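**Q** Submitted below is the structure of interest, expressed as structure tokens.
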Amino acid sequence: MSTRNKNIAQAAGIIAVAALVSRLLGFARDWFIYTHFGQTYLTDAFNAAFSVPDFIYMLLVGGALSSAFIPVFSSYLATDREDESWKMASIVFNYAMLALIIFITLAFIYARPLLYLLAPKLPPYYLDLAVYLTRVMFIQCFFMSLNGLALGVLNSHNHFTAPALGGIIYNLGIIIIGVAFMDKIGIAAFSYGVVAGAFLNFLYQIPALMRTGLKYYPSLDFHNKGFRQVAILTIPVLIGLSVTQFNLFVSQNLASGLAEGSITALKIAQRIMQLPLGIFAMSIAMAVFPTMTAQAARGENEDFKHTLSLGLRGIFFVTLPATAGLLAIGEPAIRLMFEWKSFTAANTLATAQALVYYSLGLFAYSALQVLNRVYYSLKDTLTPVSIGIATIVLNIILSYLLIRPLGHQGLALAYSLAGVFNMILLTIILRLRLGKLDGRKILTSIGLSVLISSLMFLLVRGTVNLVVNTLNINPRIDELIAVVVGILVGVLFYTGGSLALKMEEALMVKGMLARRFPDYWNRLA
């Protein structure tokens, strides 16, 4: 394997491990919330309020600021203009702080109209609560913007550890503050935890930033070329990366008029679906992005297309079996994780039903993490924005068509279908623009992954049913053993099958996870 591919795999490995821990802590946070408060209008109000800062977190830390900033900042570093890069970064930072002051002020003033858009049919008391919680959590936007800029600088310098660990600190802050004060101030404790987690996340980035040779210029030079490039990229990147969240806002808006707890059922299912997306897809996309931007800046077209192919194949390789796994063990896993205290069997069923339809779009939304960044590295924001707007329109139409026959499940299905549409259109346009994209290799990889994943699904489903029906220790213990055994059987079967078929992606992912063993690369070379 080339040094470039090795570095990408190592970076993706760092991000993936940290993302796994962060997502597990996210589930721990959700466990405390839903077992204590149930799947009710109270948690619906919290989720409606949390959707706004969560949206901003996704945009600023994993999205717009970094996606608009990295291509420009990396191009300076790739052409040995480091002093210019720090001046540009300082100007971006200064304008970002001014914009944030205005944004947070407006957010406080107009929180109620915003909640009327996001969850208009919540009962009045819970709508008031959602407004209050939203105002509390808007404070985190300041620190999230700082984290987004820090991520852009560090990733451009190929430093991935500190930003990756920041997500762990963020979730720990939410859990510690939330659990410590939930008996005194109720679910609002977790809103204050969101603010504390964002603040601690930024504090953790500071030492790593200082090691990059950080320089600050108190400048607001609007005519700075680099700043103007970032400014031109940011707004369309915001729109392009917002498509996923806008589609979720549509679902939340319509779900507020369904049965109590529908917003929460969709939110939990969506979080479970995003577990493999956040661990693997985001990790691979964030690892290849700086490489692609540098290759685009140097005009290395063939290397650029190879990196794109590598990223897509890696994503499909891990998300297709993840989809099969979610379909096979979704309901028992939800029951095991959340069906405690106030979380009922009916809540489990509603969440599992939504998860089935969300899972169908996992591969598409995972691929979009790379495809959108391909366009941004080429400094083309118009294409993903245009297709993104069309996707939102399609999602609204499908949601209205499917909510009547399928209820909240229809909203999840509409979301997945819109994602598939988005992925296909972006891929077709990219093929027309760049020429051959290693399509035969990508399609072969997808076909083999689908074949092994389908067999894995049958094996895991059968294993889980067999264990549950055979054991008679305790319902909880039986289910825990069934889920753990099912996961192990699925991982071993898929890994063995992909290695037996000598899939290149199996070796790549194996190297990513075993990045500390240099003898692996000698075998692969």
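**Q** Checking L151 against (1) at pLDDT 80 or above; (2) assigned to a helix (DSSP H, G or I); (3) farther than 21 Å from R271 by Cβ; (4) not hydroxyl-bearing (S, T, Y): exactly one of these is not met. Which one?
**A** (1)
**Q** What number of residues within the stretch 327-362 satisfy the criterion of being open to solvent by 50 Å² or more (accessible area, probe 1.4 Å) and in a helix (DSSP H, G or I)?
**A** Applying the first criterion (open to solvent by 50 Å² or more (accessible area, probe 1.4 Å)) to the stretch 327-362 yields 327, 331, 335, 337, 340-342, 344-346, 349, 353, 356-357, 360.
The next check asks that each one be in a helix (DSSP H, G or I); those that pass are 327, 331, 335, 337, 345-346, 349, 353, 356-357.
Going through the stretch 327-362 one residue at a time, the tally reaches 10.
**Q** Go over the candidates P207, P218 one by one and state the one that is part of a helix (DSSP H, G or I), out of contact with any strand residue (DSSP E or B) (no Cβ under 9 Å at 6 or more places or on another chain) and either farther than 30 Å from L411 by Cβ or in contact (Cβ under 8 Å) with a residue 12 or more places away in the chain (or both).
**A** P207
**Q** Let me ask something else. Any chance the stretch 275-289 includes a residue that's on the phi > 0 side of the Ramachandran plot, in contact (Cβ under 8 Å) with a residue 40 or more places away in the chain and touching a helix residue (DSSP H, G or I) at 6+ places or on another chain (Cβ under 7 Å)?
**A** The answer is no, given that none of the residues of the stretch 275-289 is on the phi > 0 side of the Ramachandran plot, in contact (Cβ under 8 Å) with a residue 40 or more places away in the chain and touching a helix residue (DSSP H, G or I) at 6+ places or on another chain (Cβ under 7 Å).
**Q** Ok, one more. So which residues in the stretch 108-121 are free of Cβ contacts under 8 Å to residues at least 40 places away in the same chain and either over 22 Å from L248 (Cα atoms) or open to solvent by less than 90 Å² (accessible area, probe 1.4 Å) (or both), if there are any at all?
**A** F108, I109, A111, R112, P113
**Q** Residues Q274, Q295: which one is over 19 Å from P384 (Cα atoms), of a type outside the set (D, E) and surrounded by fewer than 22 Cβ atoms within 10 Å (Cβ to Cβ)? Before you say what the answer is, go through the steps one by one.
**A** Working: Q295 fails: surrounded by fewer than 22 Cβ atoms within 10 Å (Cβ to Cβ).
It is Q274.
**Q** Follow-up question, since we're still on this one. Hey, could you check the stretch 25-62 for residues that are in contact with a Gly (Cβ under 6 Å, 6 or more places away or on another chain) and either of a type in the set (A, V, I, L, M) or in a helix (DSSP H, G or I) (or both) and say which is modelled with the highest pLDDT?
**A** L60
**Q** Then there's this: Give me the pairs: first residue in the stretch 74-101 and under 16 Å from G213 (Cβ atoms), second residue open to solvent by less than 30 Å² (accessible area, probe 1.4 Å) and not in a helix (DSSP H, G or I), beta-carbon distance under 9 Å, and six or more apart or on different chains, which are they?
**A** E84/N224; K87/S219; K87/N224; M88/N224; S90/S219
**Q** Checking the condition β-branched (V, I, T) and in contact (Cβ under 8 Å) with a residue 60 or more places away in the chain, which residue from I397, I392 passes?
**A** Answer to the selection: I392.
**Q** Only residues in the stretch 227-240 that are within 16 Å of W86 (Cα to Cα) count as the first member; pair them with residues that are part of a helix (DSSP H, G or I) and at pLDDT 70 or above, Cβ under 7 angstrom, at least 6 apart or cross-chain, and list the lot.
**A** Every condition considered, the pairs that remain are F227/M88; F227/I91; F227/V92; Q229/V72; V230/F69; V230/V72; V230/V92.
**Q** Determine, yes or no, whether K184 is open to solvent by 10 Å² or more (accessible area, probe 1.4 Å), modelled with pLDDT of 85 or more and basic (K, R).
**A** Yes: the conditions hold for K184.
**Q** Can you pull out the residues in the stretch 161-185 that are closer than 20 Å to V288 by Cβ and over 16 Å from the mean Cα position of the chain (by Cα)?
**A** T161, A162
**Q** Quickly run through the stretch 417-459 and pick out the residues that are on the phi > 0 side of the Ramachandran plot and charged (D, E, K, R).
**A** D438
**Q** Given the residues R228, R211, which is the only one that is at pLDDT 80 or above and closer than 28 Å to L308 by Cβ?
**A** Residue meeting the stated conditions: R228.
**Q** Now for a separate question. May I ask you to list the residues in the stretch 455-485 that are exposed (fewer than 13 other Cβ atoms within 10 Å of the Cβ) and of a type in the set (S, T, N, Q)?
**A** Once the filter is applied, which keeps residues that are exposed (fewer than 13 other Cβ atoms within 10 Å of the Cβ) and of a type in the set (S, T, N, Q), the stretch 455-485 yields N469, T470, N472, N474.
**Q** Considering only residues that are in a helix (DSSP H, G or I), modelled with pLDDT of 75 or more and open to solvent by 10 Å² or more (accessible area, probe 1.4 Å), which ones fall in the stretch 247-265?
**A** F249, V250, Q252, N253, L254, S262
**Q** Moving on. Within the stretch 297-335, track down each residue that is within 19 Å of the chain's Cα centre (by Cα) and of a type in the set (S, T, N, Q).
**A** Residues satisfying the conditions are T319, T323.
**Q** Next question. Say we look at the stretch 369-391 and pick out the residues that are part of a helix (DSSP H, G or I) and open to solvent by 20 Å² or more (accessible area, probe 1.4 Å); which of these is nearest to L277 (Cα to Cα)?
**A** Looking at the filtered set, the residue picked out is Q369.
**Q** Taking the stretch 152-169 as the region of interest, how many residues are farther than 12 Å from L203 by Cα, open to solvent by 10 Å² or more (accessible area, probe 1.4 Å) and either touching a Pro at 6+ places or on another chain (Cβ under 8 Å) or free of Cβ contacts under 8 Å to residues at least 24 places away in the same chain (or both)?
**A** Of the residues in the stretch 152-169, 2 are farther than 12 Å from L203 by Cα, open to solvent by 10 Å² or more (accessible area, probe 1.4 Å) and either touching a Pro at 6+ places or on another chain (Cβ under 8 Å) or free of Cβ contacts under 8 Å to residues at least 24 places away in the same chain (or both).
**Q** Now a separate question. Does L133 satisfy being buried (at least 21 other Cβ atoms within 10 Å of the Cβ), in contact (Cβ under 8 Å) with a residue 60 or more places away in the chain and either in a loop (DSSP other than H, G, I, E, B) or touching a Lys or Arg at 6+ places or on another chain (Cβ under 8 Å) (or both)? Let's see the steps before the verdict.
**A** Working: buried (at least 21 other Cβ atoms within 10 Å of the Cβ): yes; in contact (Cβ under 8 Å) with a residue 60 or more places away in the chain: yes; either in a loop (DSSP other than H, G, I, E, B) or touching a Lys or Arg at 6+ places or on another chain (Cβ under 8 Å) (or both): no.
Judged against the criteria, L133 is not a match.
**Q** So which residues in the stretch 400-443 are within 16 Å of H306 (Cβ to Cβ), free of Cβ contacts under 8 Å to residues at least 40 places away in the same chain and surrounded by 14 or more Cβ atoms within 10 Å (Cβ to Cβ)?
**A** Listed by number, the list is empty, since nothing qualifies.
**Q** With respect to the numbered conditions (1) open to solvent by less than 10 Å² (accessible area, probe 1.4 Å); (2) assigned to a loop (DSSP other than H, G, I, E, B); (3) over 25 Å from I481 (Cα atoms), which one is the sole condition not fulfilled by S366?
**A** Failed condition: (2).
The values are calculated or read from the model by the stated rules, or taken from the named source; none is laboratory data. Because the structure is predicted, anything quoted here is derived from the model rather than measured. Don't worry about glycine lacking a Cβ; one is built from the backbone with ideal geometry, like all the others, and counts go over all protein chains shown. Calculation scope for accessible area: heavy atoms of the full protein, side chains included, ligands and nucleic acids excluded. Shrake-Rupley method; radii C 1.70, N 1.55, O 1.52, S 1.80 Å.
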